[in-house]
Every structure is written in structure tokens, then in C-alpha cells.
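What follows is one structure encoded as C-alpha cells, with my remarks underneath.
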Amino acid sequence: MKPEAAPEWRTSAWLNTPEPLSLGHFRGRVVLLHAFQMLCPGCVAHGIPQAQRVAKLFEGAPLAVVGLHTVFEHHAAMGPESLRAFLYEYRVAFPVGIDAPGPAGDPIPCTMRAYAMQGTPTTILIDAQGRLRRQVFGQHDDLLLGAELGTLLAELEQQRLDKGASATSAAESCADGRCEVGAAAERHPLP
């Protein structure tokens, strides 16, 4: 199965960031999107701490951790002011979007529906080209998540190396005021 473009996020507000964020902001970086509810025991005990560890361990890597507060139950208890206090108390520093409410009274928020999430916590991995690569509902194993992130980061690095090699090959085939077809292929034959 070929990876498809990840659906765009539909949010009503953002916390921990000076501006609203979209998938386009993260093109060229791997994204870990952590969908949670602040009253979800699995999110509080496992999902949020895991996302915080990833943000800290991969600091400086071409990887972004983004939270999505996607409320599908107890709507009145989990408003923006409560979320702001929650993020402060739990020291969540990565950007968190508030999932836009579903249309016409639908209790399922827009982004949650677009990703067909089953509930929270949900871990979503998006590659550097903006394609959905993995989606896990419930507790996601740390070791498996680390391996998946490592794979996506290695793919990104390989793409960068391939782009650099093709630029070098093109430059090598152009000399003396002319560009010769096939010159690079002769010097660098394919295996």
C-alpha cells in the first residue's frame, strides 16, 4: 500500500505556539501527532509523557512533536481554559491544536473524523512529504515508536543524500561551457 497524503488538521485554536500551524509548516520534517484528551487516563499516564520524551530526545532532529486535543466526550469539562491550565501543570511545551468541533452538533471533532481515529490516545506518524505512515490507537510501545521514527528519519536523510548526489552528478557533467548527456552515468554507473 502506497502512503497517502495526511489529512489537513482543522483546529479552532493553538496553544504553545505564536501562530496557527498546518501540515505545510512541517514539510521536510517528520511529524509525530499525538491526539489526546486531558481527562483520558491513558493519555495522561502514557501518551503525553511519551510525546514529551520524544520531543526531548529528538530535539535538534528534523522531527516535530505536535499535540491535538480532540474532545469527543465531556465537552464542557475540557474547554480551552482548562486545557491551558492542564498543559501548564503537566509542563507540555510542544504546540497543541484544539480540534475543531464537528459540524451540526456532531460530537466527533473534525480532525478526529478526518483521520478516522477510534479514540485517544492516538499516535500518528507523518513523513517529511506529508504522508500518513502510521496510526496507532491506545498505548504505543516506546521501542517500536523509536524504531518507526528512526526509519522515517533515515528515509529523510537518504532523500537528502540522493538529492545532493544528483546535484553533484549534474554539475560534473557540465564543464567547459557545455553539459554532456550521459557523462555522469559513465563516471557513476548504476549497480
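Descriptive notes on the structure:
- Other-chain or far-sequence residues with amide H under 5 Å of ARG133's (modelled H): LEU125, ILE126, ASP127
- Subtracting the Cα-Cα distance of GLN118 and LEU23 from 0.36 nm times their residue separation leaves 32.1 nm of extension gain.
- The alpha carbon centroids of the stretch 136-152 and the stretch 27-46 are separated by 12 Å.
- Rg over Rh [alpha-carbon atoms, Kirkwood Rh] for the stretch 11-171: 1.01
- Karplus-derived HN-Hα couplings along the stretch 110-119 (A = 6.51, B = -1.76, C = 1.60, θ = phi - 60°), whole Hz, x at Gly and Pro: 4, 5, 4, 5, 4, 8, 6, 5, 8, x
- 3J(HN,Hα) from dihedral phi, the stretch 8-16, Karplus parametrisation 6.51/-1.76/1.60, rounded to Hz, x for glycine, proline: 5, 7, 10, 10, 9, 6, 10, 10, 6
Every read-out reported here was derived from the displayed coordinates using simple, explicitly stated rules and does not represent laboratory data. A quick note: this is a predicted structure, and the numbers were derived from the prediction, not measured.
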